[in-house]
Structure formats: C-alpha cells, structure tokens
Amino acid sequence: MVIRIAAVGDVHVDEDVVGRFRPALEELPDCADVLLLAGDLTRHGTEAEARCVAREFGGLGVPVITVLGNHDHQCDQVPQVVKVLEDAGITVLEGTGTVLECAGGRLGVAGVKGFGGGFAGRCASDFGEPEMKSFVRTTRESADALASALLSLDCDALVALTHYAPVPDTLAGEPLEIYPFLGCYQLGQAIDSAPTALALHGHAHHGTERGTTPGGVRVRNVAHPVIKQAYSVFHLGEQLD
Ligand SMILES: [Fe+2]
Ligand SMILES: [Fe+2]
C-alpha cells in the first residue's frame, strides 16, 4: 500500500498571491493523502498574511500540516499566525508530531522549524560570547525537539518536516557563504536517529531538490522556487526515484 504525500514550502503568501495555488490545490484529493507545508507561508509573518494563507490552503479535501519558517517569525506575531492557521484546520508542528490514518497506512509527521548553524567542518560552535552560545543552543534544542517528536510516533511511515535544511546536498546552487544560515547538520542527525522514510524542507530558494542524510534518508527541498510547481507528490511504500 502507498501513502501519497504532497509538499511545498516557501509559498510566501500575501494578498497578491491568493488564488495562485488554489486551482492545483483543488486537485489534491485525487493525488495525495496529505499536504505538508515546509514553512515560510507568509512574506513577513503578519496576522493579515496568515489570513491569506488560510484562504489559500484552508478547506482542502486533505489534511494540511505545516511548520513555520523564519519569514513567519519576522513581525513577532507567531501566536496570532498559529491561531489563524489552526482555525482554518491547518495543523502547525513545532517540536511535535501527528499521526494520520491514510488508506495506505498510518503516516507519522514530526515537524520543527529548525535553525541555522552549518554543516560538518564548517559550523558554528558552542564557544565564546553568550550570543554565540545562544545561537548554537537554539540549533541544538531545535534538533533535539525534532528527534524526540520523530521517536514519539507510532506509525507505518515516518516523515520529518522542517524549514531549515538538514543536509548541504539540497543547498547546491546557494552561495557557500550562507550555508550556515540555511540549515544545520544536527537536524540531519535527528532524522537519522529515527526510522525516518523521508525528510522535507524548504528555505533554500536557490538550492537543489534532492539529497540524502549521512544515514541514507532521502531529503527533498520542496521550496516553491526549486520545485517550480504548486506541490510535489511523494509516494511512500514504493521505491522513491
Ligand atoms: Fe523562503
Ligand atoms: Fe526561509
């Protein structure tokens, strides 16, 4: 049996974008069991923009699960944004997970926004100024929360959903200088600590679609500017290409 997962990130919705995704979204019940959103739903994280997201992604014929992105934090209105999304029936994950009963089995989704920090050999370290230690602590806590959420789920297929990237593979195309602000290796370690079948992220608009964690988990960058379509659909339970 197959579980069908539609996913997109970085839709950056405001008033101008409303309606652009909707025709493709209306077709979701025919091709997917769930829609996962990989953060950066809005441009600046305002409550008004969240209402635009709710109009565009609410009331679909499939469950919608999201994490927030850095843009969704910009205006310090996260509680209001989350409330608007949840009122529209969208599940917001942050260091938490959920299990869906799909025709093809129980799908577990664990999500966290994540954070930067960089990748092996080129990463921030927990040393020096308190600001630096705070930065790295945020990275570590975010990855630990993802690992806990992944390990807590009782399901047939497990998916990790983040905004920041867990591997550098899917950043190819971005300037090397900004890799530490696009993701961190600790998220990859968290994904590898559980029987994760697929890891989805966004944030890297100029990155690459496909990558793999050191432990062999398939990673897909579903940022809208990368996939260049309303969403990609992944089939779990059969060999991913
Ligand atoms: Fe983005
Ligand atoms: Fe982002």
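The values are calculated or read from the model by the stated rules, or taken from the named source; none is laboratory data. A quick note: this is a predicted structure, and the numbers were derived from the prediction, not measured. So basically every Cβ, Gly included, is an ideal-geometry build from the backbone, and we count neighbours across all protein chains shown.
Quick test for you: out of Gly116, Gly69, Gly97, Gly61, pick the one residue that is touching a helix residue (DSSP H, G or I) at 6+ places or on another chain (Cβ under 7 Å), within 16 Å of ligand 1 (Cβ to nearest atom) and either of a type in the set (A, V, I, L, M) or not in a helix (DSSP H, G or I) (or both). Before you say what the answer is, go through the steps one by one.
Working: Gly69 fails: touching a helix residue (DSSP H, G or I) at 6+ places or on another chain (Cβ under 7 Å); Gly97 fails: within 16 Å of ligand 1 (Cβ to nearest atom); Gly61 fails: within 16 Å of ligand 1 (Cβ to nearest atom).
Just a single option satisfies the conditions, and that option is Gly116.
Scan the stretch 223-234 for residues that are touching a residue at least 12 places away in the same chain (Cβ under 8 Å) and either within 11 Å of ligand 1 (Cβ to nearest atom) or exposed (fewer than 15 other Cβ atoms within 10 Å of the Cβ) (or both) and report the count. Can you show your working first?
Initial filter on the stretch 223-234 (touching a residue at least 12 places away in the same chain (Cβ under 8 Å)): 223-227, 229-234.
Among the residues that remain, those that are also either within 11 Å of ligand 1 (Cβ to nearest atom) or exposed (fewer than 15 other Cβ atoms within 10 Å of the Cβ) (or both) are: 223-226, 229, 233.
Here the count works out to 6.
Of the residues in the stretch 55-70, how many are free of Cβ contacts under 8 Å to residues at least 60 places away in the same chain and in contact with an Asp or Glu (Cβ under 7 Å, 6 or more places away or on another chain)?
Result for the stretch 55-70: 1.
Filter the stretch 106-139 down to the residues that are at pLDDT below 95 and closer than 18 Å to Leu182 by Cβ and list them by number.
The answer is Ala120, Gly121, Arg122, Cys123, Ala124, Ser125.
I'm told Asp76 meets every condition in (1) within 15 Å of ligand 1 (Cβ to nearest atom); (2) in a loop (DSSP other than H, G, I, E, B); (3) at pLDDT 95 or above except one. Can you identify the failing condition by its number?
Against the list (1) within 15 Å of ligand 1 (Cβ to nearest atom); (2) in a loop (DSSP other than H, G, I, E, B); (3) at pLDDT 95 or above, Asp76 comes up short only on (1).
Taking the stretch 197-213 as the region of interest, how many residues are more than 16 Å from ligand 1 (Cβ to nearest atom) and either of a type in the set (Phe, Trp, Tyr) or crowded, with 24+ Cβ neighbours inside 10 Å (or both)?
Residues in the stretch 197-213 being more than 16 Å from ligand 1 (Cβ to nearest atom) and either of a type in the set (Phe, Trp, Tyr) or crowded, with 24+ Cβ neighbours inside 10 Å (or both): 1 in total.
Only one of (1) at positive phi; (2) among the small types (Gly, Ala, Ser); (3) assigned to a strand (DSSP E or B) fails for Gly108. Which number is that?
(1)
Of all residues in the stretch 51-72, how many are surrounded by 18 or more Cβ atoms within 10 Å (Cβ to Cβ) and within 16 Å of ligand 2 (Cβ to nearest atom)?
7
Out of all the residues in the stretch 116-128, is one or more of a type outside the set (Phe, Trp, Tyr), surrounded by 18 or more Cβ atoms within 10 Å (Cβ to Cβ) and closer than 30 Å to Glu56 by Cβ?
yes
Report whether or not Val136 is buried (at least 17 other Cβ atoms within 10 Å of the Cβ), hydrophobic (A, V, I, L, M, F, W, C) and without any contact (Cβ under 8 Å) to a residue 24 or more places away in the chain.
Yes; evaluated as a whole, the condition is true for this residue.
What is the number of the single condition among (1) acidic (Asp, Glu); (2) over 25 Å from Gly188 (Cα atoms); (3) modelled with pLDDT under 95 that Asp87 does not meet?
Single failed check for Asp87: (3).
Name, by its number, the condition in (1) at negative phi; (2) more than 18 Å from the chain's Cα centre (by Cα) that does not hold for Phe115.
(2)
How about the stretch 174-196: which of its residues are away from ligand 1 (no atom under 16 Å from the Cβ), closer than 23 Å to Leu37 by Cβ, not in a strand (DSSP E or B) and not polar (S, T, N, Q)?
Leu187, Gly188, Ala190, Ile191, Ala194
Please go through the stretch 159-175 and give me each residue that is under 8 Å from the mean Cα position of the chain (by Cα), within 16 Å of ligand 2 (Cβ to nearest atom) and either of a type in the set (Ser, Thr, Tyr) or under 18 Å from Pro195 (Cα atoms) (or both), ordered by number.
Keep residues of the stretch 159-175 that are under 8 Å from the mean Cα position of the chain (by Cα), which gives 160-164.
Narrowing the set further to residues that are within 16 Å of ligand 2 (Cβ to nearest atom) leaves 161-164.
Correct list: Leu161, Thr162, Tyr164.
Is there a residue being within 16 Å of ligand 2 (Cβ to nearest atom) and modelled with pLDDT of 95 or more anywhere in the stretch 27-37? Explain how you work it out, then say what you get.
Narrowing the stretch 27-37 to residues within 16 Å of ligand 2 (Cβ to nearest atom): 36-37.
Checking which are modelled with pLDDT of 95 or more leaves us with 36-37.
Looking for residues that are within 16 Å of ligand 2 (Cβ to nearest atom) and modelled with pLDDT of 95 or more, one finds at least one in the stretch 27-37, hence yes.
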